[in-house]
1. Would you please give the residues with an amide H less than 5 Å from that of S121, counting only those at least 5 places away or on a separate chain, with H modeled from the backbone geometry?
2. For the chain, find the longest principal axis of its Cα atoms and tell me its angle to the long axis of helix 31-42, 0 to 90°, nearest 10.
3. Whole-Hz Karplus ³J(HN,Hα) for the stretch 53-65, in order, using 6.51 cos²θ - 1.76 cosθ + 1.60 and θ = phi - 60°, x for Gly and Pro?
4. Report, to the nearest 10°, how far helix 9-25 tilts away from the longest principal axis of the Cα atoms in the chain, using its own Cα long axis and a range of 0 to 90°.
5. Among A25, H59, F39, pick out the residue whose Cα is farthest towards the positive end of the charge dipole of the stretch 1-122, where Lys and Arg carry +1 and Asp and Glu carry -1 on C-beta, about the Cα centre.
6. Given a Förster distance of 30 Å, report the FRET efficiency between L17 and K63 from their Cβ-Cβ distance, rounded to the nearest 0.05.
7. Given H placed on each backbone N at 1.01 Å, which residues far from W223 in sequence or on other chains put an amide H within less than 5 Å of it?
8. Once you've got the GNM for the chain with C-alpha springs shorter than 10 Å, pick whichever of K263, K63, K143 has the biggest mean-square fluctuation.
Amino acid sequence: MVRTQKLNTSTAIFMALFHVGAVAALFMFSWKAFFVALFLYWVAGSLGIGLAYHRLLTHRGFKCPKWFEYFITVCGTLALEGGPVFWVAVHRKHHQITDKPGDPHSPRDGGFWAHMGWIMSGESLHNKSEGLLPYVPDLRKDKFHMWISKYHYVPMIVLGLGLLAIGGWPMVMWGIFLRTVFLLHSTWFVNSATHMWGSKRFATDDDSRNLWWVAYLSFGEGWHNNHHAHPQSARHGLAWYEVDLNWYAIKLFSWLRLIWDIKLPKLRSARIQPVATDSPREQALAAAYSGD
Ligand SMILES: [Zn+2]
Ligand SMILES: [Zn+2]
């Protein structure tokens, strides 16, 4: 079934403008602007989306001081993916009914829908959407998270003005427009590509896959079959060759005593069965984290 809904015109125009800005940035290249954009890509994508929104706020994969939680949450707002209440609620719903009717973004409703169609449809979920609130009882008790969810665009505006003051328009085009569009698609690929292509290590009852190139673009979020099999685990890349920069950052912060009580994949978790494979390396890996 392909889901088509009325277009949310304002979101669509906003997205189109950001894409035009991203293309325009290519004509204003400078190495300084490039490296500033790369750094901000990591700040928003890894610290913000990977660590804060996903592995901490959605799945509670580790503990950290409140000030650190709030700081990385602000980094998350720089991804232009909405505030934590919206993001976390949508993602918890995705885990609850993955690839089943009602999943906010499943490729079973069409690949384009899962990638960006769902964001731009009239059905698109917003911060104030009543239907989302039951998914975030924890965040609703937190005044900061409610406040930043309402004003999630403010840090982005402050950053944009800062970049304009420091490096002029080339810095804004690279650090805001191109960087944001690139990161949006990287995140969206986790919803679209890793539910369509790649390999399955665990026999989860959904279409989640491990897909290396999405993992590289998204700091490790592409090991998505591992993640759906072990949602609470703060570590997504389970083998040494499954590069997971978000996990390396979590380890680094734990050495600095900023992160503790890290959840890891449950060994021999009975619910999860390995997928049959001829590869001895895969058999050993899957067996270590699967049910008997
Ligand atoms: Zn998923
Ligand atoms: Zn998740």
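Just so it is clear, none of the values below were taken in a lab; they were calculated from the coordinates. Since this is a predicted model, take the numbers as computed values, not measurements. Glycine gets a Cβ as well: all are built from the backbone with ideal geometry, and neighbour counts include every protein chain shown.
1. N8
2. 50
3. For the stretch 53-65, the Karplus-derived couplings read 4, 8, 6, 8, 5, 6, 10, 6, x, 7, 10, 7, x Hz, x marking Gly and Pro.
4. It is inclined by approximately 80 degrees.
5. H59
6. 0.15
7. L211
8. Judging by the Gaussian network model, the answer is K143.
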